[in-house]
Amino acid sequence: MSRNLTQKIIDAHLIEGEMKPGEEIALKIDQSLTQDATGTMVMLELEAMGLDRVKTELSAQYVDHNLLQADFKNADDHLFLKSASARFGVWYSRPGNGVSHPVHMERFGIPGKTMIGSDSHTPAAGGLGMLAFGAGGLDVALVMAGKPMRIKMPGVMGVKLTGSLPDWVSAKDIILEMLRRHDVDGCRGMVLEFYGPGVSELSAMDRHVVANMGTETGATTTIFPADEAVHHFLKQHGREQDFIQLLPDEGCTYDVHEEINLSELEPLIACPSSPGNVVPVREVAGRKVHQVVIGSSANPGLRDFAIVSRIMKGLSVNSDVSFDVNPTSRTVIENLAKMGDMLPLIQAGARFHQAGCLGCIGMGQAPASNQISLRTMPRNFPGRSGTADDKVYLCSPETAAAAALTGKITDPRDLEKLYDRSYPDFTEPDKVDLNEETLVAPPEDGSDVELVKGPNIASFPDFGPVENQSELPVLLKVKDNISTDEIMPAGAKVLPYRSNIPGISKFVYYLMDDSFSDRALAARDEFGGHVIVAGDNYAQGSSREHAAIAPRYLGQFAVIAKSYARIGWQNLVNFGIVPLEFKNSDDYDKIEQGDSLNFDGLRESLESGNPVKVKNLTKDEVYTLTHQMSRRQVEIVLEGGLINLMKHQI
């Protein structure tokens, strides 16, 4: 039987279940990835479970999100992560070494392997032919403890690429075209598998760009073949021995079909404030730009920086523009310097920053009020930049360079006339210089390593089992596509509390209602908790489990939504928040913030598999609710979360 890439890798790692879309399966996972914004909680969860040593083939901890050390909090977290990595047997990537996804691809990625990461852009490894999943930290911790990853078997969307990219168009425009067609929720429940003659036109890092932002379509993950381009990448980085060819079988089939003719693409841009709000650059050309930022995991390749350098060589950044360069790894910095592509950026007026995520996660580089910022980043959710009224656009490095030069949104093809510039040549080098000293291998035995905990690091909170509730207030009602950035903001003010749940809980829903935390604590004391009502695709975006843990700490009992994003839904289950859905979506309009709901009989309904009946005491109405949980997940929720269920097993 002919099989596609997704089916081949899943079949080779399948422990339980059948490969039927929608069925729950259990997969053996080879590698794990954690980063500092989520990794501190993962390490605290491993400690809470009593784990001795990780069971994966390889686990790596990166410090890339929160590099600003305005006080002791981040520095303490970095010491904790280093000690925990040694204790549990995890590779440790030091601060400033680079963004997790490209560094992992440079050093550890292997075609055909599976990976789980506590970062929603972990699917970027699909550019190397890996099947990589973003997940909440607790799911990652369980895999590190030797448990399989459990997931609903996805369908597979085959995306056929034909033709070749025109000048001034690059890999970012491919994924922006997918977002233009499918928006932020159109590929939920799917793996995006790219194939066809156009794939050979893309380098491994070009594919990383596409696979990274495949997450923004709602896809479970993204994968490309492991072919000669992947072979070249591994050879570049001194790892030719890790290459295996991995191609779909001839005649294989896909559940859904899509096709992109690369030759027909033009420069595209995602307008505020959603990655799915995509239009051709020419349609918004002329808008004044205040800031341009290049870098991030969405455009991390050597090419992405070198091409900007070569476009700007001998020219100067517009005087009204702050032009920021965020290198994605030390490898990129060293090789830009070696190739002569760093000096033109400096001479043009670029502001160089250390290798890391930085502005992508709102850690500095916030734009001015009500000003346009063009970024080569993967997300532009409202306020994510650190500025409440931000106007963030997402684009390719070519489009970013054009705006930096002209001071306004500009179709990069216009640079040929404006500056007499032809599209620069770039050829991937046969070999790149690598710094081997910034990744710290774990000791063979870390049992005597003590965890270093500063005063801001709090132990994981205890949560009790789910009980029937006679009266709970609807504390907040939200619209469609609410992101985890809106539920649990990131940024320089919030991220330092990532290892302190009581501290970070003060910022839950802060961007929408700055009184929410106080109201939630009051409801917890008076009623025992609260409920949230939501529209479609609740908790899209980042995998950060703080968007479930912190609300649970504040007493969140349940969310009633039209539908959920995959990772956000799983995080609710993991921490004992009941993820319910409207059987009749019109009932969403009937419930108001401030209504009181009765959940008597909830436990019995979940245990028996019957629909859940909820009475609105304020309006004297009864609603029928459903859920998508398996029997195993119902058990997790009723126990009050996965840690409660797993403690005694480990």
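The values are calculated or read from the model by the stated rules, or taken from the named source; none is laboratory data. Values in this document were obtained by computation on a predicted structure and should not be read as measured data. Here Cβ is always computed from backbone atoms with ideal geometry, including for glycine, and neighbour counts include all displayed protein chains.
Find the residue count for region 470-490, including only residues that are surrounded by 17 or more Cβ atoms within 10 Å (Cβ to Cβ) and either touching a helix residue (DSSP H, G or I) at 6+ places or on another chain (Cβ under 7 Å) or without any contact (Cβ under 8 Å) to a residue 24 or more places away in the chain (or both).
Residues that pass the stated criteria total 9.
The residues on offer are Leu580, Leu602, Leu554, Leu642, and the sole one that is hydrophobic (A, V, I, L, M, F, W, C), in contact (Cβ under 8 Å) with a residue 60 or more places away in the chain, in contact with a strand residue (DSSP E or B) (Cβ under 9 Å, 6 or more places away or on another chain) and not assigned by TED's automatic domain parsing to the domain that holds Gly50 is Leu602. Does region 138-147 contain at least one residue that is under 23 Å from the mean Cα position of the chain (by Cα), among the basic types (Lys, Arg) and within 22 Å of Leu58 (Cα to Cα)? Yes; the residues of region 138-147 include at least one that is under 23 Å from the mean Cα position of the chain (by Cα), among the basic types (Lys, Arg) and within 22 Å of Leu58 (Cα to Cα).
Could you count how many residues in region 364-413 are without any contact (Cβ under 8 Å) to a residue 24 or more places away in the chain and out of contact with any Asp or Glu (no Cβ under 8 Å at 6 or more places or on another chain)? Final tally of qualifying residues: 2. Can you find a residue that is among the β-branched types (Val, Ile, Thr), in a strand (DSSP E or B) and in contact with a Gly (Cβ under 7 Å, 6 or more places away or on another chain) anywhere in region 317-324? Looking for residues that are among the β-branched types (Val, Ile, Thr), in a strand (DSSP E or B) and in contact with a Gly (Cβ under 7 Å, 6 or more places away or on another chain), one finds none in region 317-324, hence no.
This table checks each residue for (1) within 16 Å of Gly356 (Cα to Cα); (2) in contact with a Pro (Cβ under 8 Å, 6 or more places away or on another chain); (3) surrounded by 24 or more Cβ atoms within 10 Å (Cβ to Cβ).
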residue: Gly39; (1), (2), (3): yes, no, yes
residue: Met43; (1), (2), (3): no, no, yes
residue: Val54; (1), (2), (3): no, no, no
residue: Leu68; (1), (2), (3): yes, no, no
residue: Gly96; (1), (2), (3): yes, no, no
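Any residue at all in region 304-311 that is among the aromatic types (Phe, Trp, Tyr), part of a loop (DSSP other than H, G, I, E, B), under 27 Å from the mean Cα position of the chain (by Cα) and buried (at least 17 other Cβ atoms within 10 Å of the Cβ)? No, there is no match, as no residue in region 304-311 is among the aromatic types (Phe, Trp, Tyr), part of a loop (DSSP other than H, G, I, E, B), under 27 Å from the mean Cα position of the chain (by Cα) and buried (at least 17 other Cβ atoms within 10 Å of the Cβ). Being buried (at least 24 other Cβ atoms within 10 Å of the Cβ) and either assigned to a helix (DSSP H, G or I) or hydroxyl-bearing (Ser, Thr, Tyr) (or both) is a property that does not hold for Ile560. Determine if region 270-282 includes at least one residue that is modelled with pLDDT of 95 or more, under 30 Å from Tyr195 (Cα atoms) and part of a helix (DSSP H, G or I). So far as region 270-282 goes, yes, one or more of its residues are modelled with pLDDT of 95 or more, under 30 Å from Tyr195 (Cα atoms) and part of a helix (DSSP H, G or I).
Kindly check whether there is at least one residue in region 268-275 that is surrounded by fewer than 21 Cβ atoms within 10 Å (Cβ to Cβ) and more than 25 Å from the chain's Cα centre (by Cα). Checking region 268-275: not a single residue is surrounded by fewer than 21 Cβ atoms within 10 Å (Cβ to Cβ) and more than 25 Å from the chain's Cα centre (by Cα).
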